[in-house]
Amino acid sequence: LVAGYQYRYELQDIASRVSAGLVPGSPLALGEQDGRATVTLEKALNGHFEARVSVNGTMIRTVVDTGASSTVLNAADARAVGIDPDGLRYTVPVGTANGITNAAGARVDEIAIGTIVRKDLPVLVAAPGTLGQSLLGMNFISTLSGFDVRGDRMILRD
């Protein structure tokens, strides 16, 4: 018991590494730097940084996209977090790698990744069938004190 207590942080890191390997987008490590929360993500097999993000208390998988100005939910994720995609008006033009499409504006009460939490954020909802995976965009990332990419790891700093 004493050894387990003494090595609790190392054991927590091992558990985080195992869960990150088994559940795509799980944080590799949660920590603190200069008194601020940090979340470390590992690059997924597809070459993107993915994160399991809590939106309005519901976990969804997102791609961390520094090229997206806004957080964008696909229709299924929007529905899961309490937004009715059928009741939205898709009038916001959005430029994507595949061209221009339309999305709908909405708000969420909370977005959290690990211990980093932001309240009352605007999001876009992609029209049904137009976005495979939701995106965690710069409207969330720009609220951080910073982020670093070091090889296959991304470190988000609150």
**Request:** State all residues of the range 16-40 that are modelled with pLDDT of 65 or more, buried (at least 19 other Cβ atoms within 10 Å of the Cβ) and assigned to a loop (DSSP other than H, G, I, E, B); if no residue qualifies, say none.
**Result:** none
**Asked** Does the range 41-48 contain at least one residue that is assigned to a strand (DSSP E or B) and free of Cβ contacts under 8 Å to residues at least 12 places away in the same chain?
**Response** no
**Asked** Name the residues in the range 101-158 that are of a type in the set (Lys, Arg) and at pLDDT below 95, would you?
**Response** ARG150, ARG153, ARG157
**Request:** Quick one: which strands (runs of 3 or more DSSP E) lie wholly within the range 53-158 and hold at least 2 residues that are open to solvent by 50 Å² or more (accessible area, probe 1.4 Å)?
**Result:** 58-64, 92-96, 99-113, 116-126, 146-150, 153-157
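The values are calculated or read from the model by the stated rules, or taken from the named source; none is laboratory data. Quantities reported herein were computed from a predicted structural model and do not represent experimental measurements. As a convention, Cβ positions derive from the backbone with ideal geometry for all residues, glycine included, and neighbour counts pool all protein chains shown. Accessible surface areas use protein heavy atoms only, side chains included; no ligands, DNA or RNA. Shrake-Rupley method; radii C 1.70, N 1.55, O 1.52, S 1.80 Å.
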